[in-house]
Amino acid sequence: MKQLFAKGPFLGYRLLFAVTLSALLMLAEHRFSEVAYARSWMSLVVTPIQWAADVPGRTWGWAVDTLANRNLLLEENRELKSQALVLAERSQTMSAVVAENVRLRELLNAAQRSELDFITGELIGVNYDPFSQQVVINRGRQDGAYIGMPVVDASGVMGQLISVSPYTSRLLLISDTNHALPVQVNRNGLRFVAQGSGRANLLRLDHVPETADIREGDLLVTSGLGDRFPFGYPVARIERVSHQRGEPFMDVEARPLAQLDRSRYVLLLFYQEPMPDDVDAPNRRSR
């Protein structure tokens, strides 16, 4: 105390006054309730000052939290986008699997309508020559395939095998210009020959008399003639019948029922004995 008064009498008196005042206030608060009431009012006055003093700290804390939350949201957003991309890819795959299962079920239903033995096959190659309608399938001599073997898909006749190797075969589609198929009108039994046009969606009927009872919408099925295709398989549906005045024959066009440019799975039907070059083919059986 003496040192405080030695440094400056004014500072010493202030300290003494503050200590005395504090003691008196504590005594008054202990003895008189009015002091506590006054202190509550003084706290109310001081509260805005306390809030103002706390603003920088709270602002800094809010900025830190906001930045942390923003980084967290950005990271979650990236993860969600990544998951959405993965799910979209899986969804596409599942759609392809579902469509493939539908095609396989249709193919099996087509097989159930026939009493012939068969093997299933899958297209593995396409001939890109615009003047040739041929595809390659993954069945060959080791599977029992033989030259001339009829091939169908879930909707109708596709064609016949023209070349067979041990593990693959070449299929000549009915739309090829070198392919001719004996057919008959399902409605009345009239027989004609359906000739390929070189286009996957068009067949032409040759030598249809002007007086023939054939109409747009008629269903053409295999007639069984020629001993290459079994009887009764759907081939095409008539789309256009044109009468040329003075001509003995009509122009008749039909659309193949088989999905020649889209089918991936096919049935190879055991309908006739293998050709001499294929006598080593295994016994016929459905697979």
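Here TYR146 passes the criteria (1) without any contact (Cβ under 8 Å) to a residue 40 or more places away in the chain; (2) in a loop (DSSP other than H, G, I, E, B) except the one numbered (1). Restricting LEU268, LEU260 to residues that are assigned to a strand (DSSP E or B), out of contact with any Asp or Glu (no Cβ under 7 Å at 6 or more places or on another chain) and not β-branched (Val, Ile, Thr) narrows the list to LEU268.
Taking the stretch 136-159 as the range and being of a type in the set (A, V, I, L, M, F, W, C), out of contact with any helix residue (DSSP H, G or I) (no Cβ under 8 Å at 6 or more places or on another chain) and open to solvent by 10 Å² or more (accessible area, probe 1.4 Å) as the test, only VAL136 passes. For the stretch 160-188, filtered to residues that are of a type in the set (Val, Ile, Thr) and open to solvent by less than 10 Å² (accessible area, probe 1.4 Å), the residue that is nearest to GLY121 (Cα to Cα) is ILE174.
To keep it simple, each residue is scored yes or no on (1) touching a Phe, Trp or Tyr at 6+ places or on another chain (Cβ under 9 Å); (2) at pLDDT 75 or above; (3) aliphatic (A, V, I, L, M); (4) over 30 Å from GLY232 (Cβ atoms).
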position: ASP65; (1), (2), (3), (4): no, no, no, yes
position: ARG70; (1), (2), (3), (4): no, yes, no, yes
position: LEU80; (1), (2), (3), (4): no, yes, yes, yes
position: GLN92; (1), (2), (3), (4): no, no, no, yes
position: VAL98; (1), (2), (3), (4): no, no, yes, yes
position: LEU107; (1), (2), (3), (4): yes, no, yes, no
position: GLN112; (1), (2), (3), (4): no, no, no, no
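Among the numbered conditions (1) within 25 Å of ARG105 (Cα to Cα); (2) touching a Phe, Trp or Tyr at 6+ places or on another chain (Cβ under 9 Å), the only one that ALA258 does not meet is (2). Determine if the stretch 217-233 includes at least one residue that is of a type in the set (A, V, I, L, M), in a loop (DSSP other than H, G, I, E, B), surrounded by fewer than 18 Cβ atoms within 10 Å (Cβ to Cβ) and modelled with pLDDT under 90. Yes. Pairs are defined by a Cβ separation below 8 Å, a sequence spacing of at least 6 or placement on different chains, a first member in the stretch 232-250 that is without any contact (Cβ under 8 Å) to a residue 24 or more places away in the chain, and a second member that is among the small types (Gly, Ala, Ser); the pairs so defined are GLY232/GLY224; ARG237/GLY217; ARG237/ALA254; GLU239/ALA254.
The values are calculated or read from the model by the stated rules, or taken from the named source; none is laboratory data. The model shown is predicted, which means the values in this text are computed figures rather than measured ones. FYI the Cβ positions are ideal-geometry reconstructions off the backbone, even for glycines, and counts take in every protein chain you see. We work out accessible area using only protein heavy atoms, side chains counted, and drop any ligands, DNA or RNA first. Shrake-Rupley method; radii C 1.70, N 1.55, O 1.52, S 1.80 Å.
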